[in-house]
Amino acid sequence: MNEFRDRLKCYKNGTAAPEEAESLRLEIEKHEAISDFLAEEFNEQLPPMEETDDTLSAKRISRKASLRLFLTVLLTVLSMAILTVALIGGCNLYFYNPNKGIQPTYGGDGQLLVDMIAFTELHSPGYSTYWAKAWRDGPGSYQVRIRQQNVFLGESENYSEQVVRGKALGNDREMPNDYWHFPLMDAFGERQGIVASYEGETGERIFPSEKDWSEDLQALAQLPDSCRAAVYVTFSKDLTLEQFSNLYKKWTGKLDFLYAAVVSDDKYMASTIGFAPDSAGTILEKNIPDEKEYPYFQLFQASDAEANQATLWAKHFDSLLRYMSGRGEFLNTMASVNGIGDDYYREVLSYVNENGVKIYGVLLTGNVKSVQAFLAQESYSDFYVSGVRLSAFSD
């Protein structure tokens, strides 16, 4: 119930107490004075008119009409402003915001960078993301810049993207986003079930043999000793983390292991997923995800007391999977490819929890002699040379 309206009703029908009536009369006079003032301000904007008895009477009427018009226009403008603000705010709140979450400290080191670090390590062998920034340029619209390092070449690569209402405009079937660096099918395709060869009517599966690699082996042998090569190797047998740790220690100092591919399914693996054993990627000093929830998000977060390398890798991979399983908006917008989403990471996590973390292949780099020695001494089912540099100092 409106108290002032009730008091005014009593004033009009003469039932108000004398003191109450006097208070209301003064209040009415105050509002009349304000109305006259607003009307005069409005009329000053109109052309002057010669005042006669008729015009004075008309002026009084026009004041009331002008005031009503002024108030109507004012309310309309305010309503439109409020509606505009609500629409903009609604877009910004409803659609994906790359900056929502961990706030940057120096710039380019906030939530988007953390998401990209994890995604890049899991799916982009030989790459790391070290800077990522987004800024709003409209309702629900953001300009995105990402900087990554090609570890083998030692080169920085810059990428641009625009996100509008939860969609990355550069992501389509014909032109995938440049900041995705999934390995070619030649790398792990046979083991993943992406590539399969069959012979004759028997339908017997054919795996690559030494004759298929002979040309590549000869080409590696003809390179100068100073050359460095990046090679994807698929093992002849999946290795447990303990077995892989022994292999890793055997070749430490001779080769760099940029990526270890993890078995994520018993049959077809739609996406390559793994981790960087050497942890050569970006190291966050601040803005690290919840260290209690993801204590091994970075390998360098691990306690020095943990001497078992296999245990550290398992916990690191687990932290990455659990972190990404909670980044649905980022994945749907920035990584909508190969069925990757928060459910995908939960499925992989469930698989490795049940079957253990097993390594089926690696991306390794080193001088050609060390690479040749590895291929001569270790058992593999396939390898693919993805790049060669003249020396450690060449591009």
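The values are calculated or read from the model by the stated rules, or taken from the named source; none is laboratory data. Keep in mind that this is a model prediction, so the values were computed, not measured. All Cβ positions, even for glycine, are placed from backbone atoms using ideal geometry, and neighbour counts span all protein chains on display. These accessible areas exclude ligands, DNA and RNA; they are computed on the full protein's heavy atoms, side chains included. Shrake-Rupley method; radii C 1.70, N 1.55, O 1.52, S 1.80 Å.
Among the criteria (1) touching a His at 6+ places or on another chain (Cβ under 9 Å); (2) of a type outside the set (S, T, N, Q); (3) assigned to a helix (DSSP H, G or I), the one Ile340 does not fulfil is (3). Pairing each residue of the stretch 240-251 that is crowded, with 17+ Cβ neighbours inside 10 Å with any residue that is assigned to a helix (DSSP H, G or I) and among the aliphatic types (A, V, I, L, M), provided the two are 6+ apart or on different chains, yields C-beta distances under 8 Å for Leu241/Ala310; Leu241/Ala314; Phe244/Ala310; Ser245/Ala310. Filtering the stretch 320-343 to residues that are open to solvent by 10 Å² or more (accessible area, probe 1.4 Å) and over 22 Å from Phe95 (Cα atoms) leaves Arg322, Asn338. For the stretch 275-284, the count of residues that are in contact with a Leu (Cβ under 7 Å, 6 or more places away or on another chain), open to solvent by less than 50 Å² (accessible area, probe 1.4 Å), closer than 16 Å to Gly356 by Cβ and in the same structural domain as Lys358 (by the TED database) is nonzero.
The requirement of being out of contact with any Pro (no Cβ under 6 Å at 6 or more places or on another chain), small (Gly, Ala, Ser), surrounded by fewer than 19 Cβ atoms within 10 Å (Cβ to Cβ) and modelled with pLDDT of 90 or more is not satisfied by Ser197. For the stretch 370-385, the set of residues classified as open to solvent by 20 Å² or more (accessible area, probe 1.4 Å), within 35 Å of the chain's Cα centre (by Cα) and of a type in the set (A, V, I, L, M, F, W, C) consists of Val385 only.
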